[in-house]
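Trainee: Pasting in a structure now, in structure tokens, and then I'll have a few things to ask.
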Amino acid sequence: MTNQSEVNYKHSTRQLMVRLWRQYIRPYKKHFFLSLLCMALGAAATAGLAKQMEPIIDDVFKSENINALRYVSFIVFGLFIIKGLSSYGESIFMNFIGQRIIANLQQDLFRCLLRSDLAFFHHTSTGTLISRCTNDVNLMRNVVSNTITSFGKDLFTVICLMIVMFYQDWFLSSITFFVFPIAILPIVKIGKRMRKVSTSTQKETGSFMTLLNEIFQGARLVKAYGMEKYENNRAKKVIEEIFRLNIKANRIKSMSSPIMETLGGMAIVVVISYGGLQVIKGNNTAGAFFSFISALLLAYEPMKNLAKLNANLQEGLASTIRVFSVIDAKPSIIDGPKAKDIQIKKGAIEFKELNFSYTPEKKILKNINLKISAGKTVALVGPSGSGKSTLLNLIPRFYESQEGDILFDNTPIKSIKISSLRNHIALVSQEIMLFDDTIMGNILYGNPSASKQDIYNAAKAAAAHDFIEMLPEGYNTRIGESGIRLSGGQRQRISIARAMLKNAPILLLDEATSSLDTESERQVQKALEKLMVGRTCVVIAHRLSTVKDADKIYVLDQGEIAEQGTHTDLLKTKGIYSQLCKWQLIDDKENSKK
């Protein structure tokens, strides 16, 4: 079986930047070009300040010209105002683009994750997915807001200052800038190493988030078993690994500094030696020389920033690869070209020659032939690992069978659009999933367009209305993450109310009462009996007493239908079902003695 997974990327820096531009930056090109304009104005103002060193030295200090002093002071003040305003504008425009990219990427990621197969979530940890949507997306913003901004600002500044330097002394400028291309090769290697380290860091960050998610959800279990020290050690190990990788990343990024400092020192020594000699010989003025020196010193910092830029860029692109790999991953279960919206009115289900496996090595279901008449209740029972839950998960097409077919009112499952199919199915599971929302919001999940009266009716039918009314804010009470502020029985009755509100013709019950105490089970069972009326029901139950009234019981063993019949018929056969009933009766007696 082919499961959806993250796409393996080996794209170049250029390919990734082109995609970022096309999909996420180009829609805001107006803001982008306005930002570039602000950068260019700021760079020009910086170059203008360097150029003003010439009249300051020659006209003000040497010639002692007061009018020149006023003129130069006015120009310098104006240039600083231009620098300040352009810096403000560039920051505003690029921050908008960066924040907009985060929002758009998170929306794209969330949309792609929601359409992913159930198998994808089973094979990918929660922490990893959260890390993709938060840390990686934020690092991608750095590519735009910081890296591109720094590249634009520093590049414009260097270009404008180079113009001043070449204007003052083209020969000296040529000698000065000849040394900097030497730094390109080591800087490219630094960038490649940075991408690898960043990939490892984000992988460990995902592991840490998974650990946090597990500990916070299982805090009760951790304390009950006194495992605080063990979990501290687990967390310490991951945190120390993240620390090590961050130190390594900083060390790699910092490697560009000695390279640029050495080359910069060489360039400045050449300038001072040669330029000073030209002034002494009278071949150049002191003002022109100081203007050149000022431009070189002002260009030195942005040159160092440009040298560090590739390392920062690769760190962001490592995150870009991870985000795009999720966005581009295609679900394996999709609508076929001829799939249609249909109305499943009766709800009859038929499995024909069905085979299924999660991996090629082992078949989970083998040659399943099974008919469920419309409006009837069928129970699936059998030992743990016999394939009951897998068979149930194939009905809403959470998984895809490799061979055979499933028919709904004689319509093959692949001829039905997935959304249409699931619209006709309601699920109540032992894994009670409620959201950190109001009770009304959780019930409305079954039918977002339902009226308040419909919600009240569903809650009454699920035996939930009375306890809801006793809560501080009634139906508007927020129930916390996973409904933690409610008891198990209350949470299950809300999930039943949700299924009631959906009013689907097919109902799937997966161990719906297995985790409840006797009193809660009794209340929930009554609610389920109301829910099951008039619907085609497929039931998996741990307690066989809850399925003895089913119209038909199928006993699964090692992925095959070993027995089928009513409760009474199966007891007479003295087979697997009869043995399961005996074991459960013994367990119940032993539990009652306790």
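Trainee: Roughly speaking, to the nearest percent, how much of segment 289-448's 1.4 Å accessible area is carbon and sulfur?
Mentor: 52 percent
Trainee: Any idea of the accessible area per residue across the chain, 1.4 Å probe, to the nearest Å²? It would help to have the intermediate numbers written out before the result.
Mentor: Numbers: 31270 Å² over 594 residues.
Roughly 53 Å² per residue, with all protein chains present.
Trainee: From the backbone phi of segment 528-543, what are the Karplus-calculated ³J(HN,Hα) couplings (6.51 cos²θ - 1.76 cosθ + 1.60, θ = phi - 60°) in whole Hz, Gly and Pro given as x?
Mentor: Along segment 528-543, the couplings run 5, 4, 5, 5, 6, 4, x, 10, 7, 10, 10, 10, 10, 9, 6, 8 Hz.
Trainee: Given the peptides 535-542, 332-339, arrange them by the average over their residues of other C-beta atoms within 10 Å, most packed first.
Mentor: Descending mean neighbour count gives 535-542, 332-339.
Trainee: Suppose each label sits 7 Å from its Cα in the direction of the beta carbon; what would the Asn367-Asn283 distance come out to in nanometres?
Mentor: 9.8 nm
Trainee: Along each of the three principal axes of the Cα atoms of segment 276-329, give the extent in whole Å, ordering the values from largest to smallest.
Mentor: Over segment 276-329, Cα extents along the principal axes are 69, 13, 13 Å.
Trainee: Quick one: which residues, 5+ away or cross-chain, put their amide H under 5 Å from the amide H of Ala562? H built at 1.01 Å from N.
Mentor: Close amide H contacts, sequence-distant or interchain: Val555, Leu556, Asp557.
Trainee: Could you go through segment 467-480 in sequence order and give the Karplus-derived ³J(HN,Hα) for each residue, using 6.51 cos²θ - 1.76 cosθ + 1.60 with θ = phi - 60°, rounded to whole Hz, and x for Gly and Pro?
Mentor: 6, 5, 5, 7, 6, x, 10, x, 5, 8, 6, 7, 9, x
Trainee: Just in segment 378-427: which chymotrypsin sites (Phe, Trp or Tyr not before Pro) are loop by DSSP and have at most 11 other Cβ atoms within 10 Å?
Mentor: Of the chymotrypsin sites (Phe, Trp or Tyr not before Pro), not one in the loops of segment 378-427 has a Cβ with at most 11 other Cβ atoms within 10 Å.
Trainee: If each residue of separation counts as 0.36 nm, what is the full-extension length gain between Ser254 and Lys548 once their alpha-carbon separation is subtracted?
Mentor: Full extension of this stretch gives 98.7 nm more.
Trainee: Which percent of the Cα-Cα distances in segment 382-489 go past 19 Å? Don't jump to the answer; show the numbers that get you there.
Mentor: Details: 3301 of 5778 pairs.
For segment 382-489, the share of Cα pairs beyond 19 Å comes to 57 percent.
Trainee: Moving to a separate point now. Would you please give the residues with an amide H less than 5 Å from that of Asp510, counting only those at least 5 places away or on a separate chain, with H modeled from the backbone geometry?
Mentor: Under 5 Å from the amide H of Asp510 lie the amide H atoms of Val428, Ser429, Gln430, Ile540, each far enough along the sequence or on another chain.
Trainee: How big is the equivalent ellipsoid of segment 279-380 along its three axes, where each semi-axis is √(5λ) from the Cα gyration tensor, reported in whole Å from largest to smallest?
Mentor: 77, 17, 10
Trainee: Could I ask something else about it? Please state the equivalent ellipsoid semi-axes for segment 454-542: what are the square roots of 5 times the Cα gyration tensor eigenvalues, largest first, in whole Å?
Mentor: After scaling each eigenvalue by five and taking roots: 21, 16, 11 Å.
Trainee: So how far apart, in nm, are the two label points at Thr262 and Ala374 if each is 7 Å from Cα heading toward Cβ?
Mentor: Taking the simple label geometry, Thr262 and Ala374 are separated by 8.3 nm.
Trainee: Going 7 Å from the Cα of Val222 along its beta-carbon direction, which residues of segment 188-209 have the amide nitrogen within less than 18 Å of the resulting point?
Mentor: 205-209
Trainee: Rounded to the nearest 500 deg cm²/dmol, what is the calculated helix-only ellipticity per residue at 222 nm for the chain, with -39500 (n - 2.57) per DSSP H run of length n ≥ 4?
Mentor: -19500 deg cm²/dmol
Trainee: For Trp170 paired with Ala103, estimate the spin-label separation in nm (one decimal), with each label point 7 Å from Cα along the Cα-to-Cβ line.
Mentor: That separation, rounded to one decimal, is 5.1 nm.
Trainee: For the chain, what is the convex hull (Cα atoms) projected area averaged across all directions, in square nanometres?
Mentor: Values: hull surface 149.3 nm².
Its Cα hull, projected and averaged over all orientations, spans 37.3 nm².
Trainee: Using modelled backbone amide H atoms (1.01 Å from N, in-plane), which distant-in-sequence or interchain residues come within less than 5 Å of Tyr445's amide H?
Mentor: Here the answer is none, since no amide H 5 or more places off falls under 5 Å of that of Tyr445.
The values are calculated or read from the model by the stated rules, or taken from the named source; none is laboratory data. What you see is a predicted model; the values in this text were computed from it and never measured. Heads up, the Cβs are rebuilt from the backbone with ideal geometry, glycines too, and the neighbour counts pull from every protein chain shown. Note: areas computed on protein heavy atoms with side chains; ligands, DNA, RNA excluded. Shrake-Rupley method; radii C 1.70, N 1.55, O 1.52, S 1.80 Å.
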